[in-house]
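Encoded as C-alpha cells, the structure appears first; notes follow it.
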Amino acid sequence: MTSVDSKFAELDELLKKKTIRSREDPRDKSSAEKKITSGLKTIPVLPEIKDESDEKTLTTFWRNLRSFYRSAQGGGIKGSQLFPALLSDYRDMMHVRYDYPVWVPDEAGLAENDAAVLSLTELLNNALKTFAPSAQDAKILKDNIGRLELIVRESIDARAASVVFTDVMWPALQKLETQLKIKGQDGKTFSEDIQKLKSQLPQSGQLLHFSHESPYWLLSAAIRVQFHRSYQKVKEDTVVLRNKLDELLRIENQKTPAANAPETLKGSYGYGASFINFDKFSNVIPESSSEMMMPQRLTRIEKIVTILRNIDSYFKYDSVAVIAENLSGSIAGNWSDLLAHSSILIADKRIISSEAQNAFEMHMKSMSEWLSAFRIARLEVEGKYIPDIHDAYFSNFDWRAFTEDEMALCPPVLLITPVEELIMHNLTEFSRLLASHKPIKTIVIKSDAEIIHSAKSMAQDYFSFPQELGALAVSHRNAYVFQSTTIHPKGLYEGYMKGISGFSPALFYILSPRDESGRNTYVWAGAALESRAFPEFTYDQRRGVQWGSRFNVEKNPQTDQDWPIYELSFITKRDQKSVINVPFSFADFASQDVFFAEHFFDVPPQYWSDDLVLFADYLKMEPTEAYSKIPFVWMVDQQNMLHKVATTHFLVLYGQERLDFWHFIQEFGGINSYHVDRAVEKARQMLLEEKTKEIAGLNEAHNTEIEQVKQSTAREAMEKLSAILLELDSLEVKPAVKISAAVAVTEPVTQKTAEPQAPEAVEEEEPVSTEPWLDTIRCTSCNECINVNPNLFKYNGSKQAYIADAKSGTYAQLVKAAEKCPAKCIHPGIPLNADEEGLDDLIKRAAAFN
C-alpha cells in the first residue's frame, strides 16, 4: 500500500489522519508530524527467496501442503504472530483518528445542539470554527487538537460503553494545558483559547466509545431525538386545541341558569366582588337566549379535553422495549440505564415475537385513544364533526387508521433479541410478525461469536449455506431492512431514524463484535464489511414502486468488484520498492480470527512457487486448472516481513458462499445485474444490426451508382468510337469518361478545325471494397505496416505484405498503416467493429485509400 491515506477504502474513510502523540515544540507542527509519521508507519518487506531445498524435500513439502488444503490437518497460525498485510498500518488504533468516540445528547443537549450524533473530531472542529475561523486563529490549540483527542481516548474506561462528556473533556483540556507548559504571551493566549473552546463545546451529553453496546446506545439516542422532536410539536398543538375547547365549554357554561347564580357571579369578579350585592345582581340578569349545545357533543368535548389534558401519561415513555431474557448478560450495565426512558419488558426467548405483538396491541390501544381524541378535537374546533359519519369511524379507530405522521409520533415498540435465538426458535413467529405489517422494530445484534458459531455449524456439516436474516426480511417486501456494522456511527444512527419513523415493520441487523480475544474489534468490523463477510444494504419500500429503487448498497467499498482491490507496497531485501494490486477477500478477513487459525499454513519462502495462487484468483479458476494449485493470502509478522499463507478447501467454500451472497446483494442494488447486462448486449446487437444494414444499404446504392456510370460511360465511348470510325462529325457527343489507349491512337489528326472543347475525361471509378485488402504486388517491403501490427500484416514468400487476419487488429491500425504505406497499396475498407471508438474520424481518413 502506498500510504495509510489511500490504502483501505472503508477504513480509510474513518482512519484518515494520524493523531498527535508527542511534540518537541507544540508550536512546531512540522517536526512533530515527521516524528510521528516515521514512528508509526512502515512498509512490509519481501523476504529473500533461497532455493536450497532438494527435489525430494520439495516434493514432500508440497504433498503435505496439498493434504493440509483438503483436510485442514497439520497447519495453524497464532493470531499474535501474523496479521493481514493490507491491514498492517492499523495494528495500533490509538494513534489513528476515526469516528469514535461519538458524542450523543441527553435531554439538555437536545435543546442546545441540532446535531444528534457527532464524532469527537467533528465536535472539536465545529467548536473551533465558531471562535477561530482563520488558519492563524488559536493556532497552538489547533496544532494540538490531535493530542487532545488522544488524551480523551486514553481517559475513557474501556469497560464503560458510555461516559459523561464533561467528566472526560474538562479534565482532558486541563491535562493538555499542563502537558504543554507554554510560557509567556503564547501561554496566556493558549489558556484563553482553551476557555473559548470549553464554552463552545456541549455542556452535557454522553461520549460513546466503540464497543459491543454501541448499537444500543445509538438506538437509544435515535429514539430520544425523534421522540423529543415529535413530542414537543404535538404538545404545542395539543395546548392550542385544549384552550379552544376550554373556551367552547366556558361559553356553553354561561348559557346555563347556574351561570347567573350569586356564588358563580361572585367568583368571576375577583377583587371587585366586595362592592357588589350579587343576590340582587343575579335577579336582574336576563337568562341567555342562546341555543344550548347538544348533550352528546358536550359529553364528547369534555371527554377529549380530559384526555388531552393528560397527554404526559400517554407519552410517559419514548419507547416500549421487549427484550430477550438471555441478552442481559451481553451488556455491561442494566437495560434501564441503556434505554433510560423506555418501558422495558424482559420476555422468554422462545415466545418473544408473540410477546412483542401483545405489547404492541396494548400500546397501540392507548395511542389510538389519544390520537382519536386529538383528531376529534380538531374537528370540533373547526366545526366539522358530523356524528352520523364520525361516531362510527372513531368507535372502530385503531393503529391501522393512523397516518404516517401519526405513527411516527407514537413511541415505537422494540423487539431486541439475539440472531441465533430468532433463527432457531422464533423464525416462524418472526415471519408472521413481519407479514402482519405491525410496525414493530426488531433489533438484532450479531457479534463475532455468532459468525464463529455459523462457521462451526458449516464445518460440522462440511459445508452448509448460512441463513441470512436480512435477506429473509426483505422477502416479506413490506419491511424496512437495514443491515450494517458499527464502524459507521452516524450512518447507523441515520438508519435507525429512517426505520423507526416508518409505518412498517423494521429489522435492524447490526454486526458488533465483542472485545474478548484481544483483537482490534474496530478493524475486525471494518474488515468484515470490506471482505463481504457482512455486507451493508438498506431496503426501504418507501423509496419507490420499482423493486430495484428500494435498495441501497453504496456504503460497501468498490461495489462493482467481487472483492475490493488495494495497492500493497513492499520493499525487497535489496531496498527496491514494488507495488502490487491485492484483493481483500474473505480469507484475509478470516486470518484475523483465532477460530480460523487452523485453516492457515505459513509457507516458508524456499517453497514458494507458481502453484501458490492468490485466494481471490483461485476462486476464479476452473476445477481442471485449480486442482494442482493452492490458494494463499499475504500476511505480515511482527517485523513487518511478508508471508504467503496457504488456506484450506473449507475457506475456499466459505469464500465462494460469501461471494455468492455478495452477487445477490449486487443484483439487488442494480450492480453487475444479469438482466441489465442482457438488455445492454441486446441493445448493442440491435444497434450493430442497424448500422450493418445501413452500411450495406449505402454500399448497394453506391455500387448501383457505379454500375450506372459504367454503363453510361461505355455507351458514350462506343458512340464516340463509331463516330470517329465513320468519320462523322459527331464531336458534340460527350466523350467517354475513360478512353482506351487504342482509340486515342487511331483518332485522325486532321480533326483540328472547328473542334469544340471536350470536357476532361473522368477516370472510371472502381467499386469501394467493404473489407480491408492489400494490393500485394505493389508492396515495397518497407516494414511500415508490419511495425504497426505484426499479427494483422504479414509477409509472403516474396517478402510482400498481405492482410493475415483483419480481426486481429483495430480499424485505427488499418488506417494508420495505409497512411504510412509509401506504395499506397493498403485499403482499409469499412470498420469490422461498429463499437470501436473514433470511427467517424477514421472513416474520413480511410476514404483517401479505399
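The values are calculated or read from the model by the stated rules, or taken from the named source; none is laboratory data. All of these numbers come straight from a predicted model, not from anything done at the bench. Here the Cβ positions follow ideal geometry from the backbone for every residue, glycine too, while neighbour counts run over all protein chains shown. For the accessible areas, the whole protein counts, side chains as well, though only heavy atoms, and no ligand, DNA or RNA atoms are used. Shrake-Rupley method; radii C 1.70, N 1.55, O 1.52, S 1.80 Å.
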Positions within segment 27-72 being assigned to a loop (DSSP other than H, G, I, E, B) and either modelled with pLDDT of 90 or more or of a type in the set (Gly, Ala, Ser) (or both), in sequence order:
Pro44, Leu46, Pro47, Ser53, Ala72
Contact list please: Cβ distance under 8 Å, first residue in segment 572-586 and over 30 Å from Val652 (Cα atoms), second residue of a type in the set (Gly, Ala, Ser), pairs at least six apart or on different chains.
Lys577/Ser569
Residue match in segment 577-594 (condition: more than 22 Å from Val523 (Cα to Cα) and out of contact with any Phe, Trp or Tyr (no Cβ under 9 Å at 6 or more places or on another chain))
no
Keeping to segment 173-198, report how many residues are open to solvent by 60 Å² or more (accessible area, probe 1.4 Å) and in contact (Cβ under 8 Å) with a residue 60 or more places away in the chain.
2
List pairs: first residue in segment 123-151 and on the phi > 0 side of the Ramachandran plot and not assigned by TED's automatic domain parsing to the domain that holds Phe165, second residue outside any helix (DSSP H, G or I) and surrounded by fewer than 19 Cβ atoms within 10 Å (Cβ to Cβ) anywhere in the structure, Cβ distance under 9 angstrom, at least six positions apart or on different chains.
none
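Take the residues of segment 679-702 that are over 43 Å from the mean Cα position of the chain (by Cα) and open to solvent by less than 70 Å² (accessible area, probe 1.4 Å): which is farthest from Ile830 (Cα to Cα)? Steps first, answer last, please.
Step one: of segment 679-702, the residues over 43 Å from the mean Cα position of the chain (by Cα) are 693-702.
Cutting the leftovers down to open to solvent by less than 70 Å² (accessible area, probe 1.4 Å) gives us 695-697, 699, 701-702.
Working: Ile695: 9, Ala696: 11, Gly697: 13, Asn699: 10, Ala701: 15, His702: 14 Å.
The extreme case among them is Ala701.
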Name the residue, out of Tyr509, Tyr566, Tyr522, that is more than 24 Å from Leu87 (Cα to Cα) and either at pLDDT below 95 or assigned to a strand (DSSP E or B) (or both).
Tyr509
Of all residues making up segment 599-608, the number that are in a loop (DSSP other than H, G, I, E, B) and not hydrophobic (A, V, I, L, M, F, W, C):
1
Scanning segment 796-806 residue by residue, those in a strand (DSSP E or B) and open to solvent by 60 Å² or more (accessible area, probe 1.4 Å) turn out to be Tyr802
What number of residues within segment 589-598 are open to solvent by 10 Å² or more (accessible area, probe 1.4 Å) and assigned to a helix (DSSP H, G or I)?
4
Exactly one of (1) open to solvent by 10 Å² or more (accessible area, probe 1.4 Å); (2) of a type outside the set (Phe, Trp, Tyr); (3) over 23 Å from Ile331 (Cβ atoms) is unmet by Pro557. Its number?
(1)
Checked against (1) open to solvent by 50 Å² or more (accessible area, probe 1.4 Å); (2) of a type in the set (Phe, Trp, Tyr); (3) not in a helix (DSSP H, G or I), Trp170 satisfies every condition except (3)
On the basis of being among the charged types (D, E, K, R) and under 19 Å from Lys50 (Cα atoms), does Lys629 make the cut?
no
Within segment 748-755, identify whether any single residue is at pLDDT 50 or above and more than 22 Å from Ala847 (Cα to Cα), and answer yes or no.
no
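Does Ile376 fit the bill of being closer than 30 Å to Gln296 by Cα and either exposed (fewer than 14 other Cβ atoms within 10 Å of the Cβ) or in contact with a Lys or Arg (Cβ under 6 Å, 6 or more places away or on another chain) (or both)?
Working: closer than 30 Å to Gln296 by Cα: yes; either exposed (fewer than 14 other Cβ atoms within 10 Å of the Cβ) or in contact with a Lys or Arg (Cβ under 6 Å, 6 or more places away or on another chain) (or both): no.
Against the criterion (closer than 30 Å to Gln296 by Cα and either exposed (fewer than 14 other Cβ atoms within 10 Å of the Cβ) or in contact with a Lys or Arg (Cβ under 6 Å, 6 or more places away or on another chain) (or both)), Ile376 does not qualify.
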Among the residues of segment 771-795, write down those that are more than 12 Å from Ala818 (Cα to Cα), part of a helix (DSSP H, G or I) and either open to solvent by less than 70 Å² (accessible area, probe 1.4 Å) or among the β-branched types (Val, Ile, Thr) (or both).
Thr776, Ile777
Being modelled with pLDDT under 85 and in the same structural domain as Ala626 (by TED's automatic domain parsing): is that true of Gln81 here?
yes
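State which residue is surrounded by the most Cβ atoms within 10 Å (Cβ to Cβ) when the search covers only segment 807-835 and only residues that are of a type in the set (S, T, N, Q) and part of a loop (DSSP other than H, G, I, E, B).
Residue satisfying both the conditions and the ranking: Thr810.
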Being of a type in the set (S, T, N, Q) and closer than 25 Å to Ala85 by Cβ is true for just one of Gln685, Gln708, Gln639, Gln666. Which residue is that?
Gln639
What pairs can you find where one residue is in segment 310-322 and in contact (Cβ under 8 Å) with a residue 40 or more places away in the chain and over 21 Å from Ile443 (Cβ atoms), the other is among the basic types (Lys, Arg) and surrounded by fewer than 18 Cβ atoms within 10 Å (Cβ to Cβ), and their Cβ atoms are less than 7 Å apart, with a gap of 6+ or different chains?
Ile311/Lys235
Matching residues, segment 154-176, being modelled with pLDDT of 85 or more, among the charged types (D, E, K, R) and under 34 Å from the mean Cα position of the chain (by Cα)
Glu154
